[in-house]
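The values are calculated or read from the model by the stated rules, or taken from the named source; none is laboratory data. Treat the numbers as computed from the prediction; the structure is a model and nothing was measured. We place every Cβ from the backbone using ideal geometry, glycine too, and count neighbours over all the protein chains shown. Just the protein is used for accessible areas: all its heavy atoms, side chains included, with ligands, DNA and RNA removed. Shrake-Rupley method; radii C 1.70, N 1.55, O 1.52, S 1.80 Å.
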There are 2 protein chains.
Amino acid sequence: MILHGNIVHAPVLGELEVRTQGWLVTEGEQVAGVYDTLPPQYADQPVTDWGDALIIPAFCDLHLHAPQILNRGIGYDKELLPWLETYTFPTEARFGDCAFAERVWKAFLNHLWAVGTLRFSAFATVHKEAAWRLMELSEQSGLRGLVGKVNMDRNAPDALREDTDASLADTEELICRSREELRRTGLILTPRFVPSTTERLMEGLGRLGERYHLPVQSHLAENPSEVAWVASLHPDIPSYTEVYDRFGLLRQNQTIMAHASYLSEAEKCLLQERGVTLAHCALSNTNLSSGIMPLRHHLEQGLRCCVASDVAGGNTAAVAASVAATVQTSTLHTLRHPEHAPVSWVEAFWLATRGAGQFFGDVGAFLPGYAFDALVIRPDRLDALMERTPAERLEQFLYHGDDRNIAARYCGGTFLPMPFPLT
Amino acid sequence: MILHGNIVHAPVLGELEVRTQGWLVTEGEQVAGVYDTLPPQYADQPVTDWGDALIIPAFCDLHLHAPQILNRGIGYDKELLPWLETYTFPTEARFGDCAFAERVWKAFLNHLWAVGTLRFSAFATVHKEAAWRLMELSEQSGLRGLVGKVNMDRNAPDALREDTDASLADTEELICRSREELRRTGLILTPRFVPSTTERLMEGLGRLGERYHLPVQSHLAENPSEVAWVASLHPDIPSYTEVYDRFGLLRQNQTIMAHASYLSEAEKCLLQERGVTLAHCALSNTNLSSGIMPLRHHLEQGLRCCVASDVAGGNTAAVAASVAATVQTSTLHTLRHPEHAPVSWVEAFWLATRGAGQFFGDVGAFLPGYAFDALVIRPDRLDALMERTPAERLEQFLYHGDDRNIAARYCGGTFLPMPFPLT
């Protein structure tokens, strides 16, 4: 496949590579190369010409809650723990109803497609059937997803609290079934967070991770009250991070921890050692009064970071909006901590494409051999009144664009239509 | 006119009035009343039934720059003063070209209509012809606008710096012409800000204000460097606020000052005395590293405040997004200043409707005798999957809705179609 247009990507943190009126060649699922002039060996082949549109890497979202897509924008008068009790858990309890889950999952996957998130790692709910259905639909959608059946066996309302053994058995069943039946969708171990998982459950999940070589996702140090709660639950373990580590849940280079705003130096060293990816959720951290993650500081210390939406702590699944919010909260952080330069939009764009994509391997930039996941971006009529460089067009899309600006989506080397067309 | 639907408005700061499946009756341009059951005298009249949709007051935006609609999302790596030099002034200089201005103004007015801003106070540019054309087009649009020809006679690039007498003469010409020819659009005096207006220009504008009973809009104490600059330009005047006051530019109950983030107690007293409306621009203050305005504190001190977009310091003209950003930055402010409770979304909604609307008189709520300016809001397919109260639907619209959720617009008692249909 040969595409022509304004090719913009960030192969390295902080560096934008722009090929104005360039060429992008794919082979199978992968990028073969990007060129200023089309190499002669491709001269006779058909070209998809996107004209003045931008061709950018698709977004990857490493932290969001699929059932909470319904709750975007609800209840930000509360902090994390009461917010979970009041708004989140009652909604998640409804996913015991398979017909309801089916409707929501289809709308969820359509929505991710619409906003340009073509790879993701999502929390489903505790329900085995609902989680399995999300995995099946994700497979059908053409998106590339990691899906977690949530595990919770303490500090949860009755409707969501699992028996420890049943939670582990359900998880193992989904692991095996997904390996047999699915190709593009994987299971990710998903203890909700330390306060809702007993030591025995965490230990069992750690063993499953080891046995099946599985990735892990959870929450870490989002809110001071939560951090204090974890300390009181595990007085014998020195830190929140070490609780996960104790039970084998910081799996080397295969772990996503959302938030990570309140960390000791020792925790940061451990997270770096384990190659944990920290999912920075700027909108959520603001909405739930959690504070501002010291993102620049984390990056300077060599921690792996990415930008994620954290729906529904985040009020929108559009990762572009989280890119803008990352710059905005980082800017406010710098006013208090001038020693930390604010994160630029180019850096935040990298964090939402290549930074997140590396969790999936060679994903998130247009380098040879990388998966070809892309969005084609066009300005609206108003923005088109002004001549702009491709970089400026991308900046404007990130700051005020929406799904109407996305003219086409490619995932894994092929054009991706809306997964579940509306009837 | 009789409308039926879920009527939601905020007549008082912090209080949301909801009439589920209620009735709203208008007489001429005004609201006659809202009712839970339709009074018998209206029983035989035709009803516009909006079903489950919300009927809410339209947004008022008291601070935005019309030419900068082109620059939304551009250049937030810089603070205010270099941002103006690098991005803003070169764009504004293009409005000497009347054909260009015409295209942009139409797109600007269409865009305000689309996002539900039906009353506004906007800066045009220094150009008399362009400013006049915006006034004419605003009149045609059906929106209710105050438009300012910008005045600048110092510290501006050559292309925008005016001769003092010419600036005053041009302004007076527009005042007279608009009074003769326009009915719904007024001129508002618009010294850009103290650093770009000489004392003689400010004095002349103050005299025009007095002679023609005109409102005034400008900027105040947005950024520490700007505040320091004003102090160095006017060492004999004790504060930024008093510079405007010295020259008659804090006109009683008729003045809008944008930002007002860095004020002394004496300045706050003076602003309160003069009944100045402070336009809080949360997105802009974040994007340009200006800081967070202490909104709760201002409100508690009895200052008049509203929420405004400040395009293009703000990255979107959608006032709903500025409502959300107001809550978000206020939430972050509270983390540092726990003595100031965060501003709630209900308060921020008031600030964007009635809080701003009062500058125009009885505008911004559905009280008897108030202008009937309204938006009809419908959830998208995804949000419609969940049953919600009308208040929750409004909250979701503010946090992630867009112009596609606005099914209809009414201004001054009549249905408002798109002003300049696209051909």
Check your understanding: Any idea what angle helix A:98-115 forms with the longest principal axis of chain A, computed on alpha-carbon atoms, 0 to 90 degrees, nearest 10?
Key -> 40
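Quick check: from the Cα gyration tensor, does the stretch B:59-360 come out rounded (a/c under 1.5), prolate or oblate?
The shape class here is rounded.
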Review point. Roughly how many Å² is the accessible area per residue of the protein assembly as shown, as a whole number, for a 1.4 Å probe?
Key: 33
Check your understanding: Relative to the longest principal Cα axis of chain B, at what angle does helix B:199-212 sit, 0 to 90 degrees, rounded to 10?
Key -> 40
Practice item. Taking only the C-alpha atoms, wrap a convex hull around the protein assembly as shown and report its volume per residue in Å³ as a whole number. Key: 167
Check your understanding: If you take the charge dipole of the stretch B:345-423 about its Cα centre, with +1 on Lys and Arg Cβ and -1 on Asp and Glu Cβ, which of B:Ala365, B:His400, B:Val376 is farthest toward its positive end?
Key -> B:Val376
Check your understanding: What is the stretch B:250-366 by shape, rounded, prolate or oblate, if you read a ≥ b ≥ c off the alpha carbon gyration tensor as root eigenvalues and call it rounded for a/c under 1.5, prolate for a/b larger than b/c, and oblate otherwise?
Key -> rounded
Revision key, fill the gap. Computed about the Cα centre, the charge dipole of the stretch A:59-360 from +1 Lys/Arg and -1 Asp/Glu charges at the Cβ has a magnitude in debye, to the nearest 20, of 860
Check your understanding: Which value in Å does the Kirkwood hydrodynamic radius of the stretch A:62-199 take, with 1/r averaged over all unlike C-alpha pairs and then inverted?
Key -> 15.1
Review point. Of B:Cys176, B:Asn71, B:Ala348, whose Cα points farthest to the positive end of the dipole of the stretch B:59-360 (charges on the beta-carbon: +1 Lys, Arg; -1 Asp, Glu; origin at the Cα centre)?
Key: B:Ala348
Review point. Per the 1.4 Å probe, what fraction of the accessible area of chain A, in percent, lies on carbon and sulfur atoms?
Key: 50
Review point. Could you give the nm distance between label points at A:Arg184 and A:Arg154, where each point is 7 Å from its Cα heading toward the beta carbon?
Key: 4.0
Study note, to complete from the structure: Comparing each residue of the stretch B:36-74 in the complete protein assembly with the chain by itself (heavy atoms, probe 1.4 Å, ligands and nucleic acids ignored), those losing at least 30 Å² of accessible area are B:Leu70, B:Arg72, B:Gly73, B:Ile74
Check your understanding: From a point 7 Å beyond the Cα of B:Leu335 in the direction of its Cβ, which residues of the stretch B:293-312 have a backbone N at a distance under 19 Å?
Key -> B:293-297
Point to revise | Semi-axes of the equivalent ellipsoid for the stretch B:1-109, Cα gyration tensor, largest first, Å | key: 44, 18, 11
Check your understanding: Once the Cα atoms of helix A:224-233 and of chain A are each reduced to a long axis, what angle between those two axes, in degrees from 0 to 90 to the nearest 10, is obtained?
Key -> 40
Point to revise | Buried area at the B-A interface (accessible, heavy atoms, 1.4 Å probe, summed, Å²) | key: 4100
Exercise for review: Would you tally the net charge around A:Ala279, using a Cβ to Cβ cut-off of less than 11 Å, leaving A:Ala279 out, and scoring K and R as +1, D and E as -1?
Suggested key: -2
Review point. Size of the dipole of the protein assembly as shown about the Cα centre, Lys and Arg at +1 and Asp and Glu at -1 on the beta carbon, nothing else charged, in debye to 20?
Key: 620
Exercise for review: Output, in nm with one decimal and in ascending order, the distances from the B:Glu265 label point to the matching label points of the other copies (7 Å from Cα along Cα-to-Cβ).
Suggested key: 4.2
Review point. Using only Cα atoms, what is the ratio of the radius of gyration of the stretch B:96-168 to 2.2 N^0.38 Å?
Key: 1.17
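Can you give the local net charge around B:Leu143? Use residues other than it whose beta-carbon is closer than 10 angstrom to its beta-carbon, Lys and Arg +1, Asp and Glu -1.
The answer is +2.
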Exercise for review: Would you look at the GNM of chain A, springs on alpha carbons closer than 10 Å, and say which of A:Asp44, A:Asp97, A:Asp61 moves the most?
Suggested key: A:Asp44
Practice item. Name the residue, out of A:His400, A:His111, A:His259, whose mean-square fluctuation peaks in a Gaussian network model built on chain A with Cα pairs under 10 Å. Key: A:His400
**Study point:** Principal axis dimensions, the stretch A:303-360 - Cα atoms, whole angstrom, descending
**Key:** 33, 25, 17
Review point. Short version: which residues of the stretch B:330-368 lose at least 30 Å² of accessible area, all chains versus chain alone, 1.4 Å probe?
Key: B:Thr331, B:Leu332, B:Leu335, B:Arg336
Review point. Nearest 0.05, what FRET efficiency do B:Asn253 and B:Tyr35 give at R0 = 25 Å with Cβ-Cβ as r?
Key: 0.20
Check your understanding: For the stretch B:394-423, which residues drop by 30 square angstrom or more in accessible area between the chain on its own and all protein chains together (1.4 Å probe)?
Key -> B:Glu395, B:Gln396, B:Tyr399, B:His400, B:Arg404, B:Leu422
Revision key, fill the gap. GNM of chain A, Cα pairs under 10 angstrom: of A:Met135, A:Met386, A:Met152, the biggest fluctuation goes to A:Met386
Study note, to complete from the structure: the protein assembly as shown: antiparallel bridges as % of DSSP beta bridges, rounded to 5, reads 40
Check your understanding: Which pairs in the list B:Lys106/B:Lys128; B:Lys106/B:Lys149; A:Lys106/A:Lys128; B:Lys149/B:Lys268 are over 21 Å apart, alpha-carbon to alpha-carbon?
Key -> B:Lys149/B:Lys268
Practice item. Give me the net charge of B:Glu173's neighbourhood, meaning all other residues with Cβ under 10 Å from the Cβ of B:Glu173; Lys, Arg count +1, Asp, Glu -1. Key: +1
**Study point:** Relative contact order (percent, whole number), the stretch A:59-360, Cα cutoff 8 Å, 6+ residue spacing
**Key:** 19
